[in-house]
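Enquirer: Have a look at this one.
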Amino acid sequence: MSALTAGDVLGGEWRIVRPAFGDDPGSEYRVEPVTGGSARRLTLWRTLRAPASTEVKRFEELMRAGERTRHPAFPPVEALGYDKTREALWMVRPWWNGESLPSMLGGLHPIGLDLPYLHALADQLAQALTAAQAEGIAHGRLRPTRLLVAPGGKGVRLCLLDLGLEAFRRTHAAAWLKPPQVGAAYVAPELGDTGPVPSSADVFSFGLIVRDMLATRRDGAWQGRWEHWVERATASEPGKRFRCLTEAMKMLLPVLKALPDDPPPPPPNYEPAPPT
């Protein structure tokens, strides 16, 4: 797939502004309408052959599954299609003024993620995935890089990308649309190459993403208090995990309430500011 550069136009109406953070280089861009307007996010997926029109239609149906939930974590699809020149499916969504979850967690101070933020992110993620499953679709390849985070009403708000992509790939495009090359550690062991996406796969991924947030507490104050929850959420056998995301979140709440929320003691060389 040839890389896009600033000024290139895709789909006849989307002008490339610059690359955006994505799983693979050259897969995501900030774009603007050629007729003028606000920024959008463009994502591309390389294909091994051109899809039939019926396959593109099914791709659109599944990629719009998030819209049908009416959950704010799923951005609406503004346009999509197939680009023959770059041999790629593409989709345009609203631009998100935030950062990826790994970027957020990597920039934290030594104390770790604040408990209210952790709770808000886990709750929004569980609710979004539950809403999607109520519409009959599981994500299947949820990973931290597909979660975008920004300030919001509860201190933080979440955006979840690519709902419907794995369901499309496995049921309609397994032979010509490759899975992402990153995030394999977050994929449930029962997820094969074809067939329906089981909801148990999202429980597994949810458990690992919550683990990443819990593990940001670097002073050891939370150690030994949450590991049992992660072990159950990410059990290798689906039947040994939480039955659903609602149960997983319900069992997480007492764990979060039991975590100490006091900041760690200052370092030995700490000198308080003089009184003013």
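The values are calculated or read from the model by the stated rules, or taken from the named source; none is laboratory data. Everything numeric here is computed off the predicted structure, so don't read it as measured data. Cβ: placed from backbone, ideal geometry, glycine included. Neighbour counts: every protein chain shown. Please note that ligands, DNA and RNA were not included when accessible areas were found on the heavy atoms of the full protein model with its side chains. Shrake-Rupley method; radii C 1.70, N 1.55, O 1.52, S 1.80 Å.
Enquirer: Sticking with the crude label model, points 7 Å out along Cα→Cβ, report the distance from Asp24 to Ala258 in nm, one decimal please.
Expert: Going by the 7 Å Cα→Cβ label model, 4.3 nm.
Enquirer: I've got another one for you. Using Cα centres only, tell me the gap between the stretch 16-40 and the stretch 152-170 in whole Å.
Expert: 18
Enquirer: Return a single number: how many Lys pairs in the chain, at a sequence separation of 8 or more or on separate chains, have alpha-carbon atoms below 27 angstrom apart. Mind showing how you got there, number by number?
Expert: Numbers: Lys57/Lys84; Lys57/Lys178; Lys84/Lys178; Lys154/Lys250; Lys154/Lys257; Lys240/Lys250; Lys240/Lys257.
The number of close lysine pairs in the chain is 7.
Enquirer: Enter the accessible area per residue of the chain (Å², integer; probe 1.4 Å; all protein chains in place). It would help to have the intermediate numbers written out before the result.
Expert: Working: 13490 Å² over 276 residues.
Roughly 49 Å² per residue, with all protein chains present.
Enquirer: Something else now. Report the extension gain between Arg49 and Glu135 in nm, rounded to one decimal, defined as 0.36 nm multiplied by the number of residues separating them, less their alpha carbon distance. Could you put the intermediate results ahead of the total?
Expert: Values: separation 86, 0.36 × 86 = 30.96 nm, distance 2.98 nm.
Going from the current span to full extension adds 28.0 nm.
Enquirer: Okay, moving on. Quick one: Cα centre-to-centre distance for the stretch 193-238 and the stretch 76-125, in angstrom?
Expert: When both Cα centres are located, 19 Å separates them.
Enquirer: Per Stokes-Einstein, at 10 °C and 1.306 mPa s, what whole-number D in µm² s⁻¹ belongs to the chain, with the Kirkwood radius over Cα pairs as the hydrodynamic radius? Could you put the intermediate results ahead of the total?
Expert: Details: Rh = 20.1 Å.
The estimated diffusion coefficient comes to 79 µm²/s.
Enquirer: A further question follows. Which percent of the accessible area of the stretch 6-76 is formed by carbon and sulfur heavy atoms (probe 1.4 angstrom)? Write down the numbers at each step before the final one.
Expert: Working: 1850 of 3680 Å².
Its accessible area is 50 percent carbon and sulfur atoms.
Enquirer: Turning to a different aspect of this structure: Net charge near Pro19: determine it from the other residues with C-beta under 10 Å of the C-beta of Pro19, scoring Lys and Arg +1 and Asp and Glu -1. Intermediate values should be presented prior to the final figure.
Expert: Numbers: positive: Arg18, Arg30; negative: Glu28.
Computed value for this residue: +1.
Enquirer: Okay, next question. Could you tell me the relative contact order of the stretch 1-94? Use alpha-carbon pairs under 8 Å, at least six residues apart, and round to a whole percent.
Expert: Values: 156 pairs, mean separation 22.9, N = 94.
Over the stretch 1-94, the number comes to 24 percent.
Enquirer: What chymotrypsin sites (Phe, Trp or Tyr not before Pro) does the stretch 124-187 have in DSSP loop regions with at most 15 other beta carbons within 10 Å?
Expert: Values: sites: Phe168, Trp176, Tyr186; in loops: Trp176.
Hits after loop and neighbour filter: Trp176.
Enquirer: At Glu99 and Arg225, where each label point lies 7 Å from the Cα along Cα→Cβ, what is the point-to-point distance in nanometres?
Expert: Modelled inter-label distance: 2.5 nm.
Enquirer: Can I ask one more? How much of the pair distance distribution for the stretch 145-229 lies past 22 Å, counting alpha-carbon pairs only, in percent? Could the numbers behind the result be given before it?
Expert: Values: 1458 of 3570 pairs.
In whole percent, the share of Cα-Cα pairs in the stretch 145-229 beyond 22 Å is 41.
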